[in-house]
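Trainee: The structure under discussion is supplied below as structure tokens; questions concerning it will follow.
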Amino acid sequence: MRVLLRVLAPLLGLALAAAGVLFVIEVVAAWVRPVATAGLVVPWPQWRTTLEQLSWDENPVPGIAIAVAVLGLLLVLVGLLARRSNIQLDAPNPELAVRTSPRVLARLVGTRVRAGEDVAAATVTASARKVSVAAQSWNGGADGLRSSIHDTVEALLDELPLHRRPRVSVTVRDREGVR
Amino acid sequence: MTEQDTVVLTKEAGAPADPAVRRRSRSALARSAARDRSLVVLIGLVLLAAGVLVALLSYGVFGVPRASRPLLDPMIVDALRAQPLAARITAIVVGALLALLGLLWAAGSVRPERRPDLVLEAGAETSIVVSSGAAADAVATEARRLPGVAKARARLVGPATAPALRVTLWLADDADVAQVLRRFDDEVLGTARESLGITTLPVGVLLDLDAPTRAPRVT
């Protein structure tokens with residue numbers, strides 16, 4: 001979302017500027033040559049005729065209005081969702097601000113969990129509030145593995161100077177087959 | 001690392017600090033997108049409101065007679081024609097403002113981030129300035145020497161009057177994060193503050209992990 005915002009912002013700025021320039025050009029042109037029948041850059045006399053003949057309840061007015069509303073909603077969403085989802089860490093000195101990405105936390109947890117003896121595979125999702133681990137155990141032993149993974153992750157979180165300790169949730173299912 | 005270390009670290013982090021320095025170190029973490037975000041949300045809200053209102057009008061929510069009037073209402077055209085000079089001047093001012101604001105916004109969001117130099121002493125005749133690149137490179141080189149740090153990158157950000165340092169540390173998978181941070185603060189930043197002779201240097205640190213080293217498939 002942040003990349004999209006970085007691309008969209010200058011484009012929207014340029015579009016606004018272009019619209020403003022065209023508007024000024026046409027208004028000035030219409031002012032200095034009142035008898036002219038065509039616009040200088042924009043064919044606004046044709047647009048005017050169309051707009052005069054079209055009423056609010058005719059097609060395609062509602063369709064365009066809905067499309068504009070949807071576009072506006074998308075822009076609002078882009079603007080609201082383009083926030084940084086960084087995880088705050090406690091720094092040894094107040095002059096320092098330390099952050100990391102959820103991806104890093106997920107990778108740290110994943111490496112630690114997969115190193116466990118009975119873990120066949122593990123998927124980790126992490127955010128500042130929650131770390132979820134979905135693991136697979138070899139041929140039974142899912143119950144014991146669940147609590148052992150939970151302890152492993154809690155121990156890792158003890159080591160990290162996280163500002164806010166995320167909740168840990170672990171799900172384990174059995175993988176059948178030859179080890 | 002032991003439990004005790006974590007406790008000590010948290011205590012130190014809670015020590016009173018100048019809120020302005022804290023703010024500077026927080027804003028050094030990444031380029032701010034606050035202006036872009038608020039303008040995009042504002043434009044989005046305007047489009048959303050206009051679209052919804054026109055759709056409601058079109059479906060006759062505000063009355064069927066109103067919905068059957070033309071888009072370019074003769075009533076509005078007559079009102080504008082009654083005051084031609086005022087209408088034209090308003091139109092030109094609005095257009096010029098739109099163009100100016102749009103250009104400023106576009107220029108502001110594509111402009112590269114500032115890299116301020118560190119001014120150590122600004123006298124009337126002589127001034128001592130450490131260039132932005134030199135200061136940042138020195139910190140990055142020192143940081144790379146810390147155990148557990150695979151790569152490091154640093155740059156100075158912020159206005160020239162209040163520079164701050166942005167550092168990205170790529171840690172090894174087995175790095176002790178708390179210890180790396182402590183040593184980075186003590187050894188790297190301590191040395192930098194001492195040698196540059198500055199008391200406060202807000203720093204934003206981004207931690208990342210180094211690319212995983214894959215074990216060979218055949219041994």
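The values are calculated or read from the model by the stated rules, or taken from the named source; none is laboratory data. Just so it is clear, the model here is predicted, and its values are computed rather than measured. Counting neighbours? That spans all protein chains shown, and the Cβs are built from the backbone with ideal geometry, glycine included.
Trainee: If you take the residues of region A:18-32 that are of a type in the set (A, V, I, L, M) and at pLDDT 90 or above, which of them is farthest from B:Arg81 (Cα to Cα)?
Mentor: Filtering first and then ranking leaves A:Ala18.
Trainee: Looking at this structure, is B:Glu121 more than 7 Å from chain A (Cβ to nearest Cβ), within 30 Å of B:Leu42 (Cα to Cα) and touching a strand residue (DSSP E or B) at 6+ places or on another chain (Cβ under 9 Å)?
Mentor: Considered against the rule, which asks whether it is more than 7 Å from chain A (Cβ to nearest Cβ), within 30 Å of B:Leu42 (Cα to Cα) and touching a strand residue (DSSP E or B) at 6+ places or on another chain (Cβ under 9 Å), B:Glu121 comes out as no.
Trainee: Could you please let me know if B:Glu194 is of a type outside the set (Lys, Arg) and free of Cβ contacts under 8 Å to residues at least 12 places away in the same chain?
Mentor: So B:Glu194 fits the description; yes.
Trainee: Which residues, counting only those in region B:127-178, are more than 20 Å from B:Ala30 (Cβ to Cβ), within 12 Å of chain A (Cβ to nearest Cβ) and in contact with a helix residue (DSSP H, G or I) (Cβ under 8 Å, 6 or more places away or on another chain)?
Mentor: B:Asp173, B:Asp176, B:Ala178
Trainee: Ok, one more. Pull up region A:27-40, narrow it to residues that are crowded, with 16+ Cβ neighbours inside 10 Å and touching a helix residue (DSSP H, G or I) at 6+ places or on another chain (Cβ under 6 Å), then point me to the one that is nearest to the other protein chains (Cβ to nearest Cβ).
Mentor: A:Val27
Trainee: Ok, one more. How many residues, within region B:50-65, are part of a helix (DSSP H, G or I) and either within 7 Å of another protein chain (Cβ to nearest Cβ) or surrounded by fewer than 14 Cβ atoms within 10 Å (Cβ to Cβ) (or both)?
Mentor: 9
Trainee: Of everything in region A:1-26 that's charged (D, E, K, R) and free of Cβ contacts under 8 Å to residues at least 60 places away in the same chain, which residue is surrounded by the most Cβ atoms within 10 Å (Cβ to Cβ)?
Mentor: Of everything passing the filter in region A:1-26, A:Glu26 is surrounded by the most Cβ atoms within 10 Å (Cβ to Cβ).
Trainee: Do any helices (runs of 4 or more DSSP H) lying entirely in region B:76-192 carry at least 2 residues that are outside the structural domain of B:Val205 (by TED's automatic domain parsing) and touching a Cys at 6+ places or on another chain (Cβ under 6 Å), and which ones are they?
Mentor: none
Trainee: State which residue is nearest to the chain's Cα centre (by Cα) when the search covers only region A:126-164 and only residues that are closer than 15 Å to A:Arg107 by Cα and among the hydroxyl-bearing types (Ser, Thr, Tyr).
Mentor: If we take residues in region A:126-164 being closer than 15 Å to A:Arg107 by Cα and among the hydroxyl-bearing types (Ser, Thr, Tyr), then A:Ser127 is nearest to the chain's Cα centre (by Cα).
Trainee: Taking A:Phe23 and the conditions (1) outside any loop (DSSP other than H, G, I, E, B); (2) under 18 Å from the mean Cα position of the chain (by Cα); (3) facing chain B (nearest Cβ under 7 Å); (4) not polar (S, T, N, Q), which numbered condition does it fall short on, given that it satisfies the others?
Mentor: Of (1) outside any loop (DSSP other than H, G, I, E, B); (2) under 18 Å from the mean Cα position of the chain (by Cα); (3) facing chain B (nearest Cβ under 7 Å); (4) not polar (S, T, N, Q), only one is false for A:Phe23: (2).
Trainee: Here's another thing I want to ask about it. Go through the residues of region A:105-123 one by one and say whether even a single one is in contact with an Asp or Glu (Cβ under 7 Å, 6 or more places away or on another chain) and of a type in the set (S, T, N, Q).
Mentor: Looking for residues that are in contact with an Asp or Glu (Cβ under 7 Å, 6 or more places away or on another chain) and of a type in the set (S, T, N, Q), one finds at least one in region A:105-123, hence yes.
Trainee: Across region B:117-131, what is the number of residues that are under 30 Å from A:Arg6 (Cα atoms) and either free of Cβ contacts under 8 Å to residues at least 12 places away in the same chain or surrounded by 20 or more Cβ atoms within 10 Å (Cβ to Cβ) (or both)?
Mentor: Of the residues in that region, 1 qualify.
Trainee: Suppose we filter B:Arg23, B:Arg69, B:Arg37 for residues that are under 13 Å from the mean Cα position of the chain (by Cα), of a type outside the set (Gly, Ala, Ser) and surrounded by fewer than 18 Cβ atoms within 10 Å (Cβ to Cβ); which single one remains?
Mentor: Answer to the selection: B:Arg23.
Trainee: Now for a different question. Are any residues in region B:69-88 more than 9 Å from every other protein chain (Cβ to nearest Cβ) and more than 30 Å from A:Asp57 (Cβ to Cβ), and if so, which ones?
Mentor: Scanning region B:69-88 gives B:Leu85, B:Ala86.
Trainee: Same structure again: Can you tell me which residue is modelled with the lowest pLDDT among those in region A:50-95 that are surrounded by fewer than 14 Cβ atoms within 10 Å (Cβ to Cβ) and among the hydroxyl-bearing types (Ser, Thr, Tyr)?
Mentor: Applying the filter and picking the extreme gives A:Ser85.
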